[in-house]
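Before any comments, here is the structure.
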Amino acid sequence: MTRRRKIYEGKAKVLFEGPEPGTLVQYFKDDATAFNNEKKGVITGKGVLNNRISEYLMTRLSEAGIPNHFVRRLNMREQLVREVEIVPVEVVVRNIAAGSICKRFNIEEGTPLPRSIVEYYYKSDELGDPLISEEHITAFGWAAPPEIDDMLSLSLRINDFLSGLFLGIGLKLVDFKLEFGRLYDENDQMRIVVADEISPDGCRLWDVETNEKMDKDRFRRDLGGVEEAYQEVARRLGILPESDQQDIKGTTTLQ
Ligand code: TMP
Ligand code: ASP
């Protein structure tokens, strides 16, 4: 038996060679890290939930005309995606102050920001994802100015779209991180598309009524109920059919 070729292993996912050229299989692990790998753990069932949540959100983005790498979900932990050249820039959009912006500017967590703020971070585990400006991106050749324009306008459209979607299920989209890739078509034309995943690992989601955290901050801050929070997000999105709940071993099913 031949084993499929592993292309890349990250902290939360593994990428394997896909069944056709130009495709990859994205496998979602239960591993969780925080604070640039300083804190490590396992969130049982997280991979299964993030696979489904990301499938759902990427599909909704496609319907809204926002291009992304998702093709289809293959099984509980895997999805087929288009192979892209990842831009080494993480784009963070913030609506409410939380996390690193609170420390950086001494703002109280939960303060609504005067307007949505977009930040860029250099994707480097070794350096701990430092905050960067457009100048760094262009000077070091991580992306060209038109690519930055595309990433910025896509990020703002995604923020509008996802803020509305989450509000509809009683969740505030506090902030989130996106990754982008270059997708080349048959004629070698390139376009920027959303890649990676969109899940509670890379979003802050607070309950509208109680401000309860429903995302990876529960793990980062040892708040407990991590699996339950991810499961509740999936449940509110309407993507947790009864039959699947039994498959997510070790997680308690919320009603
Ligand atoms: P931060 O407040 O730690 O800068 O994070 C902002 C948002 O971006 C938060 O929802 C978590 C997400 N994020 C990631 O998904 N990966 C990262 O490496 C970082 C720094 C943030
Ligand atoms: N994912 C990043 C890490 O593991 C940062 C975070 O999510 O807190 O270090």
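The values are calculated or read from the model by the stated rules, or taken from the named source; none is laboratory data. Worth saying up front: this structure is predicted, and the values here are computed from it rather than measured. Ideal geometry is used to build each Cβ from the backbone, glycine not excepted, and the neighbour counts take in all protein chains shown.
Between Ile96, Ile86, Ile107, Ile148, which is in contact with a Phe, Trp or Tyr (Cβ under 9 Å, 6 or more places away or on another chain), farther than 25 Å from Asn50 by Cα and not acidic (Asp, Glu)?
Of the residues listed, the single one that is in contact with a Phe, Trp or Tyr (Cβ under 9 Å, 6 or more places away or on another chain), farther than 25 Å from Asn50 by Cα and not acidic (Asp, Glu) is Ile148.
Do we find a residue being within 16 Å of ligand 1 (Cβ to nearest atom), touching a residue at least 60 places away in the same chain (Cβ under 8 Å) and out of contact with any strand residue (DSSP E or B) (no Cβ under 7 Å at 6 or more places or on another chain) anywhere in the range 130-151?
Within the range 130-151, none of the residues are within 16 Å of ligand 1 (Cβ to nearest atom), touching a residue at least 60 places away in the same chain (Cβ under 8 Å) and out of contact with any strand residue (DSSP E or B) (no Cβ under 7 Å at 6 or more places or on another chain).
Does Pro114 fit the bill of being closer than 21 Å to Ser163 by Cα and surrounded by fewer than 15 Cβ atoms within 10 Å (Cβ to Cβ)?
In short, yes.
Please specify each residue of the range 128-143 satisfying the condition of being closer than 24 Å to Met190 by Cα and either within 16 Å of ligand 2 (Cβ to nearest atom) or surrounded by 13 or more Cβ atoms within 10 Å (Cβ to Cβ) (or both).
Result: Glu134, His136, Ile137, Thr138, Trp142, Ala143.
How many of the residues making up the range 183-221 are aliphatic (A, V, I, L, M) and on the phi > 0 side of the Ramachandran plot?
0
I'd like the full set of residues that are under 17 Å from Ser100 (Cβ atoms) and either assigned to a helix (DSSP H, G or I) or touching a Ser or Thr at 6+ places or on another chain (Cβ under 8 Å) (or both), limited to the range 174-230.
Result: Leu178, Asp217, Phe219, Arg220.
All but one of (1) among the hydrophobic types (A, V, I, L, M, F, W, C); (2) surrounded by 14 or more Cβ atoms within 10 Å (Cβ to Cβ); (3) over 22 Å from Leu152 (Cα atoms) hold for Phe105; state the number of the condition that does not hold.
Unmet for Phe105, out of (1) among the hydrophobic types (A, V, I, L, M, F, W, C); (2) surrounded by 14 or more Cβ atoms within 10 Å (Cβ to Cβ); (3) over 22 Å from Leu152 (Cα atoms): (2).
Filter the range 144-176 down to the residues that are surrounded by 18 or more Cβ atoms within 10 Å (Cβ to Cβ) and over 19 Å from the mean Cα position of the chain (by Cα) and list them by number.
Glu147
Could you please give the count of residues in the range 33-52 that are at pLDDT 95 or above and surrounded by fewer than 19 Cβ atoms within 10 Å (Cβ to Cβ)?
Adding up the residues that qualify gives 7.
Could you check the range 53-84 and list, in sequence order, the residues that are surrounded by 23 or more Cβ atoms within 10 Å (Cβ to Cβ), over 21 Å from Arg157 (Cα atoms) and not hydrophobic (A, V, I, L, M, F, W, C)?
Listed by number, the list holds a single entry, Gln79.
Every residue in the range 183-233 that is surrounded by fewer than 13 Cβ atoms within 10 Å (Cβ to Cβ) and within 23 Å of Asn36 (Cβ to Cβ), please.
If the condition is that a residue be surrounded by fewer than 13 Cβ atoms within 10 Å (Cβ to Cβ) and within 23 Å of Asn36 (Cβ to Cβ), then Arg221, Asp222, Leu223, Gly224 are the ones that fit.
Please enumerate the residues belonging to the range 83-125 that are at pLDDT 95 or above and of a type in the set (Asp, Glu).
Glu83, Glu85, Glu90, Glu108, Glu109, Glu119
Report, ordered by the first and then the second residue, all pairs with beta carbons closer than 8 Å, sequence separation of six or more or different chains, a first member in the range 200-216 that is within 18 Å of Arg94 (Cβ to Cβ) and among the aliphatic types (A, V, I, L, M), and a second member that is within 16 Å of ligand 2 (Cβ to nearest atom) and in a loop (DSSP other than H, G, I, E, B).
Partner pairs satisfying both residue conditions: Leu205/Met214; Leu205/Asp215; Met214/Pro200.
Of all residues in the range 1-47, count the ones that are of a type in the set (Val, Ile, Thr), in contact (Cβ under 8 Å) with a residue 24 or more places away in the chain and not in a loop (DSSP other than H, G, I, E, B).
Qualifying residue count, the range 1-47: 2.
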